[in-house]
Amino acid sequence: MNEQRLTLAEVEATALRALKAAGATGRQAEPLARAVAAAERDGIASHGLAYVPIYCEHLQCGKVVGSAEPALSQPRPGAVVVDAGSGFAHPAIEAGLAALLPAARALGCAGLAVRNSYNCGVLGYHVERIAAEGLLGLGFTNAPASIAPAGGKTPVIGTNPFALAVPDGEGGTALVIDQSASVVAKSEIMVRAREGQPIPEHWAFDSEGRPTDDPAAALKGSMAPSGGHKGFGAGLMTELFAAALAGATLGKDASPFSGPAGGPPRTGQFFLAVDPEGFSGGLFAERRDALLAAIAGQEGARLPGARRLANRDRFAAEGVSVRSDLLERIAAFG
């Protein structure tokens with residue numbers, strides 16, 4: 001397999017060039033290209049350059065409006081709302097965070113709802129931006145339905161990740177929890193389908209509700225919820241925040257994130273930013289450090305997100321390896 005090594009700056013430039021060539025304005029393309037590079041930096045290749053051809057195809061077929069301008073409103077002091085206008089999620093979230101962060105500092109907590117949006121990539125990336133400002137960041141994003149309820153066969157909710165980023169008090173992140181309602185992210189199955197590789201049978205079911213190792217059959221069936229009915233419950237909670245509360249399209253009614261069919265998915269995101277000093281009586285840092293030390297101090301244990309954070313210095317220094325055939329697919333758009 002032929003590969004090329006790219007710096008993170010080259011990853012961002014490659015993504016930006018392709019997105020603009022496919023029809024995205026700078027306002028739409030630049031935040032997404034930065035997020036693509038961040039995904040590669042963190043070792044989350046499924047949301048890095050591998051997704052760029054899909055983004056470009058969706059620009060060209062109209063599933064994403066490449067010229068969209070996010071429309072921000074603030075109906076209440078602690079409520080920020082952004083209509084993404086069927087554009088990419090990233091510029092809408094970026095616009096919303098600019099209003100969310102000062103509102104949370106002033107009020108102690110504030111929420112951001114994004115509607116008429118699209119796949120937001122790595123959810124942890126967005127909540128980390130909240131933590132970098134010294135606030136707890138909690139995020140939810142819904143997706144086209146791919147998980148059936150316990151005892152059922154028809155998908156009702158998507159993989160629906162939620163994420164939490166905890167500030168370290170020094171402009172960074174002490175802890176990142178980023179997990180979906182499914183055993184594995186759907187993008188992992190999509191990658192294996194493209195590469196013609198089987199999947200573990202506990203990842204998904206076919207259209208008849210049977211475990212399958214065929215990624216194509218899995219994409220026509222349903223994802224396995226993480227922890228059975230508990231995973232479905234977590235996904236349902238996310239659906240209520242990211243779709244119902246945000247006024248976005250329910251996963252069961254949204255067009256798929258893969259393929260050209262169905263028009264814009266118009267899914268949503270919801271973020272909550274909390275100022276620890278507004279609630280803890282000055283004890284947050286002490287309690288946070290004691291809790292994390294109790295985890296990290298155990299032999300063989302690691303904090304959620306530790307592997308992602310450990311990848312950063314290495315990939316920033318060494319660059320990332322990218323398959324040559326993927327780079328050729330991306331270059332075809334430019």
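Can you name the residue in the stretch 259-289 that is among the small types (G, A, S) and buried (at least 20 other Cβ atoms within 10 Å of the Cβ) and is also farthest from A106 (Cα to Cα) among such residues? Explain how you work it out, then say what you get.
To start, the set of residues in the stretch 259-289 that are among the small types (G, A, S) comprises 259, 261-263, 268, 273, 278, 280-282, 285.
Okay, now just the ones that are also buried (at least 20 other Cβ atoms within 10 Å of the Cβ), so 268, 273.
On the way: G268: 25, A273: 11 Å.
Checked the stretch 259-289; the qualifying residue farthest from A106 (Cα to Cα) is G268.
Can you go through V176, V184, V191 and tell me which one is touching a residue at least 12 places away in the same chain (Cβ under 8 Å) and in contact with a Lys or Arg (Cβ under 8 Å, 6 or more places away or on another chain)?
Numbers: V184 fails: in contact with a Lys or Arg (Cβ under 8 Å, 6 or more places away or on another chain); V191 fails: in contact with a Lys or Arg (Cβ under 8 Å, 6 or more places away or on another chain).
Answer to the check: V176.
Just one of S117, S73, S86, S67 is more than 21 Å from D178 (Cβ to Cβ), touching a residue at least 60 places away in the same chain (Cβ under 8 Å) and among the small types (G, A, S); which is it?
Answer to the check: S86.
Identify, please: which residue in the stretch 252-278 is of a type in the set (A, V, I, L, M, F, W, C) and at pLDDT below 95 and is, among those, farthest from H126 (Cα to Cα)?
In the first step, residues of the stretch 252-278 are kept if they are of a type in the set (A, V, I, L, M, F, W, C); the result is 254, 257, 261, 270-274.
From what's left, at pLDDT below 95: 257, 261.
Values: F257: 19, A261: 28 Å.
Out of the qualifying residues, it is A261.
To keep it simple, each residue is scored yes or no on (1) surrounded by 11 or more Cβ atoms within 10 Å (Cβ to Cβ); (2) in contact with a strand residue (DSSP E or B) (Cβ under 7 Å, 6 or more places away or on another chain).
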{"position": "L292", "(1), (2)": "yes, yes"}
{"position": "I295", "(1), (2)": "yes, no"}
{"position": "Q298", "(1), (2)": "no, no"}
{"position": "L326", "(1), (2)": "yes, no"}
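What single numbered condition from (1) out of contact with any strand residue (DSSP E or B) (no Cβ under 9 Å at 6 or more places or on another chain); (2) closer than 27 Å to K186 by Cα; (3) part of a helix (DSSP H, G or I); (4) not aromatic (F, W, Y) fails to hold for A243?
(1)
Counting only residues that are of a type in the set (G, A, S), without any contact (Cβ under 8 Å) to a residue 12 or more places away in the chain and under 19 Å from T154 (Cα atoms), which one in the stretch 227-258 is surrounded by the fewest Cβ atoms within 10 Å (Cβ to Cβ)?
G227
Quick one: which of A150, A110, A143 is modelled with pLDDT of 95 or more, on the phi < 0 side of the Ramachandran plot, in contact with a helix residue (DSSP H, G or I) (Cβ under 8 Å, 6 or more places away or on another chain) and part of a loop (DSSP other than H, G, I, E, B)? Spell out the reasoning first.
On the way: A150 fails: modelled with pLDDT of 95 or more; A110 fails: part of a loop (DSSP other than H, G, I, E, B).
It is A143.
Just the residues that are of a type in the set (A, V, I, L, M, F, W, C) and under 16 Å from P265 (Cβ atoms), please, taken from the stretch 64-78. First the steps, then the outcome.
Step one: filter the stretch 64-78 for residues of a type in the set (A, V, I, L, M, F, W, C), giving 64-65, 68, 71-72.
Within the stretch 64-78, V64, V65, A68 qualify.
The values are calculated or read from the model by the stated rules, or taken from the named source; none is laboratory data. Predicted model, so just to flag it, every value in this text is computed and none were measured. Quick reminder, even Gly has a Cβ in these numbers, built from the backbone with ideal geometry, and neighbours come from all protein chains shown.
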